[in-house]
1. Please report the net charge: other residues with Cβ closer than 11 Å to the Cβ of B:Pro238, K and R +1, D and E -1.
2. What size of dipole, in debye to the nearest 20, comes out for the protein assembly as shown about its Cα centre when the only charges are +1 on Lys and Arg C-beta atoms and -1 on Asp and Glu C-beta atoms?
3. Run the numbers on the stretch A:88-181 and let me know its relative contact order in percent, using alpha-carbon pairs under 8 Å that are six or more apart.
4. What residues from the stretch A:20-36 fall in the zone where the backbone N is under 11 Å from a label point 7 Å along the Cα-to-C-beta line of A:Gln106?
5. Counting other beta carbons within 10 Å of each Cβ, put B:Trp90, B:Trp298 in order, fewest first.
6. Subtracting the Cα-Cα distance from 0.36 nm times the residue separation, let me have the gained length for A:Ala64 to A:Glu176 in nm, one decimal.
7. Length gain on complete extension for the stretch A:Phe51 to A:Lys133, per 0.36 nm per residue less the alpha carbon to alpha carbon distance?
8. Please order A:His131, B:His265, B:His17 by the number of other Cβ within 10 Å, starting at the fewest.
Amino acid sequence: MDLRPKINDTSCRCVILTSIDEKPAIEIDVPDDSFVQMIKKTGGPNIQNCFQCGTCSGSCPAGARTNYLVRGIIRKALLGLKQQCISAKELWYCTTCYTCTDRCPQDVKPTDVIKAIRNIAVAEGYMLEPHQKTAQKVLEAGHAVPLDKDSWQDLREKVGVERIPPNASRYAEAIEEIRKIAKKTGFDKLVEDKEEK
Amino acid sequence: MAKKKSFYHFLGCIIPHRYPSVEKAAKLVFNDLGIDLLDMDGATCCPAPGVFGSFDRVTWATIAARNLTIAEAGGHPIVTGCNGCFASLWDANYELKHDHELRDKVNENLAEIGREFKGTIEVWHYVDALYQLAGLEKIRDQVTRPFTGVRMALHPGCHWMRPKIIKQKDDSERPHIFRELCETSGAEYVPYKDELICCGAGGAVRTADVKIALEFTKQKFDSLIAAGGADMIITPCPFCELQLDAGQVEIQKYFEQEYKFDILHVVELLALAFGHEPDEFGLATHLQYMQRKSEPAWENLGIKVGEH
């Protein structure tokens with residue numbers, strides 16, 4: 001059962017936590033677990049162990065300064081509120097420090113759940129432009145942080161190493177292999193610049 | 001006699017392209033300890049675990065696996081000095097060895113470029129190689145310039161020890177390995193409350209919102225100052241180093257607050273402790289110094305620099 005229509009399309013206004021409209025009750029005796037199954041497949045297999053103790057959010061350095069709430073995202077995911085989960089900008093405030101994972105008494109692995117939700121978000125078109133650019137750089141230069149200026153080569157010479165290191169900065173064929181992989185997985189299409197609607 | 005251990009030296013992006021002093025310092029330190037670092041020709045981005053791991057797990061694992069196949073072909077383990085690269089290479093290696101569905105998908109992708117992940121090598125961090133392979137005893141023997149009286153704070157970072165249940169390396173709530181390694185330099189360890197929180201850069205957060213990332217960093221600095229301050233902060237990761245080092249210049253811009261901490265990668269600390277001069281690996285090329293047109297606080301670090 002798809003619960004999306006029931007939440008009054010709050011997804012596009014996800015920053016607004018309350019509204020003048022009362023939200024319809026979510027029927028948890030008929031849970032929509034299609035989203036949970038997707039998350040489990042992308043690497044968050046233990047998500048259903050969560051009993052909402054809040055240790056994750058209490059441990060979270062991102063949650064201490066933003067409205068990123070791991071505990072809330074996991075509960076939303078379990079309620080099948082996919083659109084709310086994947087469209088929320090806060091999803092991108094997790095630094096993947098794994099403190100929540102190391103402290104979770106239920107072995108939920110919240111960090112992996114967050115990464116799995118991000119995978120689904122990106123597949124449905126929710127990605128931040130700076131991340132898209134970083135991904136594109138790897139396809140262009142073989143590196144997320146490329147040797148893109150002479151001054152970086154000068155820096156290398158100054159410390160006494162060869163101007164161009166023996167990585168993809170030196171070997172064009174390595175970059176070619178990365179592009180072939182990205183083409184095969186569809187990653188190139190995923191991160192290419194999209195036409196403005 | 002045991003055969004001399006050789007590693008493929010996985011450079012990644014930030015070490016060779018922004019903090020080459022770490023690359024040089026690693027070469028000096030490993031050479032002093034009799035461990036060979038081999039060039040890993042044609043290695044690419046690990047790829048960046050924050051962006052790639054968050055975007056598409058299969059593409060992330062395939063690019064990481066491609067790097068692993070280079071080492072598999074040569075038959076030596078990989079060593080990296082970056083927590084981010086470690087998070088991609090070690091984690092992908094582990095996941096590919098345990099998740100057969102992922103492995104099949106990855107190998108199908110790798111077939112496109114004539115490669116195959118076989119799962120025959122291990123991925124090490126500099127910290128592991130120094131602590132486990134060289135050993136603290138041997139490292140102490142190399143120390144000719146102990147940092148006696150120099151106050152040292154630590155930033156162990158996240159991914160070399162977390163998630164602890166998978167990495168099985170150190171207790172991430174009370175880690176001791178990195179501290180013991182750094183203490184071989186003779187410096188005095190200064191604990192502070194937020195030693196174990198993330199620098200703020202990881203998980204693609206620095207890329208998404210640098211100001212939020214810097215708030216993490218600032219919290220760490222304030223926590224350290226509350227504990228009485230330190231003469232230097234040591235980290236095992238160049239991305240953390242970038243965030244703590246160049247981050248000070250950015251914090252000044254965004255928050256109008258000035259911090260002056262010298263940030264060293266653990267191999268830079270050891271290179272100095274082993275008696276190498278700062279100029280031998282270019283300690284003064286850290287981005288903080290380049291951007292501020294400043295230099296390390298030599299006196300606080302207890303280093304006499306003749307020419308300066």
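1. Values: positive: B:Arg18; negative: B:Glu23, B:Glu241, B:Asp245, B:Glu268.
Computed value for this residue: -3.
2. Working: 63 positive and 72 negative charges, 132 e Å.
Dipole size: approximately 640 debye.
3. Over the stretch A:88-181, the number comes to 18 percent.
4. Inside the label zone: nothing.
5. Working: B:Trp90 25, B:Trp298 15.
If I rank by nearby Cβ atoms, fewest first, I get B:Trp298, B:Trp90.
6. Working: separation 112, 0.36 × 112 = 40.32 nm, distance 4.21 nm.
That pair, A:Ala64 and A:Glu176, stretches by 36.1 nm at full extension.
7. Numbers: separation 82, 0.36 × 82 = 29.52 nm, distance 3.78 nm.
Contour length minus the Cα-Cα distance gives 25.7 nm.
8. Numbers: A:His131 22, B:His265 29, B:His17 26.
Fewest-to-most Cβ neighbours within 10 Å comes out as A:His131, B:His17, B:His265.
Just so you know, all these numbers are worked out from the coordinates, no wet-lab data involved. Since the structure is predicted, the reported quantities are computational estimates derived from the model, not experimental observations. Every residue, glycine as well, gets a Cβ built from its backbone with ideal geometry; the counts of neighbours run over all protein chains shown.
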